[in-house]
Structure formats: structure tokens, C-alpha cells
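Below is one structure, written out as C-alpha cells; the observations come after it.
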Amino acid sequence: MDSLICASCGRPIRSAFVKALGKAWHSEHFTCAACGRSLVNVPFFERGGKIYCELDYKNMVGVKCAVCGKVIEGKYLKNYWNDVYCARHQDELPLCSNCGRPISTLLTRGGVDFGDGRYCCNICTPKILGEREVNERVLPRLVEFYKNYELPLTDLVRGVPVHLVDAREMARQAQGDSLHPVTGLIKKVVKIETRGTRQTQSKRIQEILILKGLTEIAASGVLAHEIGHAYMFAHDFPPLPPIVEEGMAEIFSFLWLRSRKGPEVAFRLNLIEINDNPIYGEGYQTARRYMSERGFWALLDYVKEHAQFPRL
């Protein structure tokens, strides 16, 4: 009878051996090709003609978590950026207020704590704008952009400062008058003068507030939304229901973002499209449907005249 030949060392087997996968091994040679761990009487896996322990096999063929680097077992999530990670990390880790990624060493190279309940990952941190950049670069670009829609904003925002504030200050300025986490706010001034029996009214925008710590795309989207509010205020729109007011402001943001390019722009537009908030999301979606059929100015004129969205 021919001697068995060890599949590992190629020598005849004359002592204890293991037979598997149609081959034979000396017992001491039946080990994981990656870590050398003995595979006698434990689960093993074959790949490319070699045998591996369960852990090393999973590390080779399994999907690794973008956050912790371990092979995913059980429930997992996939975010907008196609990062796949263990579902538990969504609640364990802070999310970036700009891109929504879980902040971790492996995925985002860490991040920063703004100290107001918000965090920013180190992918987005280099893109954060300061107040001067918003006033000197972003606001003029928005004014120039809306000229294409025949919206005269120059007089409306001339000399109006944009101030960046943290979330706590924004909430204080909003004074609880918000149906959504506040990312921007316009401060309005209405002045009524009485001369005899005649009254005159003047309106102006005192300042525009947006959250600090936003990237240029995020900040410009918020600023475009607030410009929508400012335009309707300055052009004597009647008092509007919140769903109409916020839906129209989101249209202003959408128009601006749609003119930009890049993955972060696509992410922001996606946030607008999938927003299920009954005020902001539903308001935008209703306005968008009518605008798609009749155009932007038809929508704007109808809302100004009727103080509601048209029925489709």
C-alpha cells in the first residue's frame, strides 16, 4: 500500500494525520495558511487551494466595516457615500453635521466637536468657511446667480451682514419659533411712520444668520434658503402658511445648488429631495411639482397672489 503524502510538506505520513478536501496532512501541518493556527477539530475553509481558519477566511472574503475595520456580522448600514459599516456605529458615534458620516479614526480620520451639539469630520473640516468668505465670496455669487431668474437682490442684501453663530445662539435668536433644527435665520425690521392720518411702512433685512462650521456648499445652500425668505418679505408676499413659506425657500436653495457641481452638491440636493419633514420636505415637493409643470415665475406669482400652493 502506497504511503500517504502530506499536502503541506510533501513527505510520507507515518504518524497521526488529517484527511480533508481529498488530501492528507500531518496533524501538525494541518494549519491556517495565514496565522499558522492548528485546524485539527475546528472549522476550516479552503480558498485557492489553501486552508484557513474562520477568522482569516472572513477577513479575506467578508465585507469589512468602514468604521471599525472588522468583518461585518449581522446588521449593517450603507450611507450616501457608499460606506458600509456595522449598524451599531450609527448610535455609538457622532455624525458629521456636514456630510452625515460617522466620525471615526478609520473612516474620517477623526473630527472636531463644535461644542454646541454638532460635530464635523476631518474630511469636511478643511472645507469650512469663515464669516469673511461668506460675505465677500458666497453672497455676491448668489446675487449674481439670481439675476438669471430676474430676481433683483442687489438692493435687498446690499450692506446686509451675514453672521455665523453656533447652534445655541441660533436657537436663542429663533426664540423657539421653528419647526425644524435652525440652520439659518433672517432678522427683519418693519418700520411704520405716521404723518397725520397717513401711515407709511418700510422694510429691511437687518442681518442674516447661518450656522458656523458649514462647508461652502452647505453654507451657500442655507444662505440661498434665507434669501428666499428675504425676497418674499421684501416683496410684500402675504403671510404664508409654514409649509408654503418653507417650501418656497427650499426652492431658492434647490435652484442654486442645481447650478453647482460635485459630490457634495449631489449630497445636498439628495437631502432636499428625500426630506420627509411635513413642512420643509412636503412644502418643497409640492412647490417643485408645480414648478416642473409651469415654471418658477408661475409658482412665485401664484403663491404671492393666493398665499397657498396651487392644486395640481
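Worth pointing out:
- Taking the range 131-306 and dividing mean pair separation by its residue count, relative contact order in percent (alpha carbons under 8 Å, at least six apart): 18 percent
- Projecting label points 7 angstrom from Cα along Cα→Cβ for T105 and Y302 puts them 5.6 nm apart.
- Alpha-carbon centroid distance for the pair the range 200-271 / the range 75-123, whole angstrom: 26 Å
- With 24 Å as the limit, the listed pairs K203/K261; K187/K304; K188/K304; K187/K212 have K203/K261 beyond it between alpha carbons.
- K70/F17 FRET efficiency (R0 22 Å; Cβ-Cβ; nearest 0.05): 0.05
- When DSSP beta bridges are restricted to pairs lying wholly in the range 131-306, around 75% turn out antiparallel.
- Residue exposure sequence - E73, E207, E216 - by fewest surrounding Cβ within 10 Å: E73, E207, E216
- Reported value for the range 17-61: 64 Å³ per residue, from the convex hull of its C-alpha atoms.
- Sequence-distant aspartates and glutamates (8 or more away, or on other chains) whose Cα lies within less than 18 Å of K19: D2, E28, E46
- Only beta bridges with both residues in the chain are counted; by DSSP, about 85 percent of them are antiparallel.
- Cα point-scatterer Debye curve for the range 131-306, base-10 log of I(q)/I(0) at q = 0.20 Å⁻¹: -1.60
- Taking a straight line from the alpha carbon of K75, these lysines sit under 25 Å away, with near neighbours fewer than eight places off in the same chain left out: K58, K64.
- Using alpha-carbon coordinates, inclination of helix 296-306 to the longest axis of the chain, degrees: 50 degrees
- Residue-span extension gain [F45 to H235] - 0.36 nm each, minus C-alpha spacing: 61.2 nm
- Computed [θ] at 222 nm, deg cm²/dmol, the chain (DSSP H ≥ 4; -39,500 (n - 2.57); rounded to nearest 500): -10500 deg cm²/dmol
- Averaging 1/r across all pairs of distinct Cα atoms in the chain and inverting the result yields a Kirkwood radius of 24.0 Å.
- Relative to the dominant Cα principal axis of the chain, helix 280-294 is inclined by about 70°.
- The simple Förster model, with R0 at 22 Å and r as the Cβ-Cβ distance, assigns R88 and I274 a FRET efficiency of 0.40.
- Normalised by 2.2 N^0.38 Å, with N the number of residues, the alpha-carbon radius of gyration of the range 206-312 equals 1.04.
- Working note: Cα atoms of the range 76-127, range along each principal axis, descending, whole Å: 28, 20, 17.
- Computed packing ranks the peptides 277-290, 126-139, 192-205 as 277-290, 126-139, 192-205, most packed first, by mean other Cβ atoms within 10 Å.
All of the numbers you see were taken from the coordinates with simple rules; none came from a lab. Nothing here was measured: the structure is a model prediction, and the numbers come from that model. Backbone-built Cβ (ideal geometry, glycine too); neighbour counts: all protein chains shown.
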